[in-house]
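Structure first, then comments.
Just so you know, all these numbers are worked out from the coordinates, no wet-lab data involved. Remember, predicted model here, so these are calculated numbers, not experimental data. Quick reminder, even Gly has a Cβ in these numbers, built from the backbone with ideal geometry, and neighbours come from all protein chains shown.
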Amino acid sequence: MTFLKIVQNSRVRCPASSKFTGFQLPPCQAPVPASGDENVLREVQEWMARKLPCVAGRREYNRGRYMLRVATRDRVESIFSEFRRGLELGEVSACLFIFNDKRFDEVHGDVAQAFRFLAEQMEPISKVSAVELANGAALTNSIELNCPVTNIRTIFDDFECIAFCPQSLDSNDRLYDPLMAMPYPCVNLSSDVYGFSHFVRTSALAAWNCEVYEQNDLGKIEKLLRICVERWQRVATATIGNYQAITNTELCPIHLTVDENHWVAGHRDPAFAEQMKMAHKHELPRIYANRIVDGWMEYFRNGRIYQASGLAREGCPAHVDRDFSPIELIAKKQKINCEYF
């Protein structure tokens, strides 16, 4: 199967403001496997190792910290529980639910149908309905873990589930957005705050051969943390560049702001899935990771309890201002509904 070869068809773009109001697929309909689960898993593994545009995700996968499971609605809860146990043991940092269903392989269905299907599959671990998930609600879980930096029990409130499908690469689809594309319908579960925390821990072990919380020199700690912010920033900007290279930005915006404090995409993070497209700007590590570092330093300097909750912020509708590059003005001419405020 060639993932990047999307079959072009004669579908007409629907108005971007159209909204899904009911499932077109019977929610309990049995899946129709596209191939054996082992073959599907192997194909996704190869793609994750070599083709995944997300630099941080590929790094975690190649270091053995990405849990991949072929899932069904009935197995979602047990996979989630397995992932939580792996987090507690420090063995994993992210999880990918892979759904093997021929109705949603790369040549069948469209993005809207795939997202409705994925919303129904993930509903068992959601606080909101599948209909809400398919229409822009977030599927968020708070997980209490030992912070990799401070080693104190911390609630990470941004373990988000995000839907992906191969149809997102189809430029004829009204929900075209290569950032949301994977070889099969998948749901990714990860936390930006925990991911950065894990990155800092591995950096400290490489630099000092000890944990951050075992280092007594506060100056060394802060220097390393600020260096990690800039490294994480480079990981993020490289990822955006990778996606920009495979995206028709006249149809779907993706770019950095001039100051590289934010990036713009045609969707809101952390929506599970969306039935309409709108440009949103999101914080880059230079903003949110420095906020995390400030919390850590308050703990190391003054003993103030570090709290991870509220550190990850939702994207907001993009708008034209002096911080944005001229390329963003092109978005006004795009075929998706890019509203600027």
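Just a few scattered comments:
- Directionally averaged projected area (convex hull, Cα atoms, segment 100-176), nm²: 6.5 nm²
- The value given for segment 119-230 is a Kirkwood hydrodynamic radius of 16.6 Å, derived from the mean inverse Cα-Cα separation.
- Annotation: amide H-H contacts under 5 Å for A137 (H modelled 1.01 Å from N, sequence separation of 5 or more, or interchain): F272, A273.
- Dimensions of segment 37-191 along the principal axes, based on C-alpha atoms and rounded to the nearest Å, stand at 48, 35, 25, largest first.
- For segment 141-215 versus segment 82-116, the gap between their alpha-carbon centres in whole angstrom: 14 Å
- Amide H contacts for A94 (H built 1.01 Å from N in the peptide plane; partners 5 or more residues away or on another chain; cut-off under 5 Å): M67.
- Karplus-derived 3J(HN,Hα), 6.51/-1.76/1.60, for each residue of segment 277-285, Hz, glycine and proline x: 10, 7, 5, 10, 9, 10, 5, 9, x
- Positive-end residue, segment 57-208 charge dipole about Cα centroid, Cβ charges, pick of Y61, Q167, P183: Y61
- Restricting segment 43-113 to trypsin sites (Lys or Arg not before Pro) in coil, as DSSP defines it, with at most 14 other Cβ within 10 Å: K51, R63
- Cleavage-rule hits (GluC sites (Glu not before Pro)) in segment 36-127: DSSP loop, at most 14 neighbouring Cβ within 10 angstrom: E91
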